[in-house]
Amino acid sequence: MKLVLATNNMGKVREFARILEPLGISLLTQQQAGVQVQPEENGTTFAENARIKAMAVYQATGLPTIADDSGLCIDALDGQPGVYSARYYGEDTPYTEKNRYILSQLERLPQETRTARIVAHNTSVLTPEQNLACAKDCESPIGKAPARAGGFGYDPIFYVGDKSFAQLDGEAKDAVSHRGKALAKLYEQFKKLQEN
């Protein structure tokens, strides 16, 4: 099966390919599909934004499409940045600065109150009438300082055990991450469709 991935985020492209290609699902980037679509993500939920992106790319290409909307939700910040994760503290602000800003807001909080989750909602548009959707999250605290070796976005400040997402290799991250779990669930839905 081939799917067009509705994103311009190369970090997401690498993660999707790493997770889906071993399952027999090959991905085309928007560039490979010959389109460059950037719809306005004006939904108020991850589900709405994922559907907006998937449908826009599907309509532009006529090909089965997959999109994800994901974000960091911090309990002490009333769920922020949430669906505005990419635009939080300025859309063009580098994530190194976004991460520093979040850490400054949590600076005085003890570790046990720094709870958070990263949410991923995936939508796949196979035809206008046939859509698949699923969501998963990964709960863990925000660390006291960024720790980076890889990853992207908020990975350096989101810790699982004594390591940040940015310090985990691809396989280890996929096993616990919001995106890894959501794509595994979506793959099960694909398999059921093929069996019927």
Margin query: Beyond a 21 Å Cα-Cα separation, which of these cross-linked pairs lie in this structure: 144/185; 163/185; 12/185; 12/144; 2/53?
Written below: 144/185; 163/185; 12/144
Next item on the list: Mind pulling the angle between the C-alpha long axis of helix 10-20 and the longest principal axis of the chain? Nearest 10 degrees, somewhere in 0 to 90.
Entry: 60 degrees
Notebook entry, point to check: Along the charge dipole of the range 1-139, which of 118, 8, 74 sits closest to the positive end, that is, farthest toward it, with unit charges on the beta carbon of Lys, Arg, Asp and Glu (+1, +1, -1, -1)?
Noted result: 8
Item checked: For peptides 4-13, 96-105, 126-135, sequence by mean Cβ density within 10 Å, most packed first -> 4-13, 96-105, 126-135
Checklist line | Candidates 29, 44, 123: whichever shows maximal mean-square fluctuation once the chain is modelled as a Gaussian network with Cα springs under 10 Å | finding: 44
Margin query: Give me the percent of accessible area attributable to carbon and sulfur for the range 1-125, probe 1.4 angstrom.
Written below: 49 percent
Notebook entry, point to check: Given springs between every Cα pair under 10 Å in a Gaussian network model of the chain, which of 93, 115, 61 has the largest fluctuation?
Noted result: 93
Notebook entry, point to check: Quick one: accessible area per residue over the range 65-187, 1.4 Å probe, rounded to a whole number of Å²?
Noted result: 46 Å²
Check: How large is the charge dipole for the range 75-166, taken about the Cα centre, if only the Cβ atoms of Lys, Arg (+1) and Asp, Glu (-1) carry charge, to the nearest 20 debye?
Finding: 260 debye
Next item on the list: Give me the distance between the Cα centres of the range 72-108 and the range 143-196, rounded to whole Å.
Entry: 19 Å
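The values are calculated or read from the model by the stated rules, or taken from the named source; none is laboratory data. Only a predicted model underlies this, so the values are computations on that prediction, with no experimental measurement involved. In this analysis, Cβ positions are derived from the backbone assuming ideal geometry, glycine residues included, and neighbour counts consider all displayed protein chains. Ligands, DNA and RNA are excluded from the accessible area calculation, which covers all protein heavy atoms including side chains. Shrake-Rupley method; radii C 1.70, N 1.55, O 1.52, S 1.80 Å.
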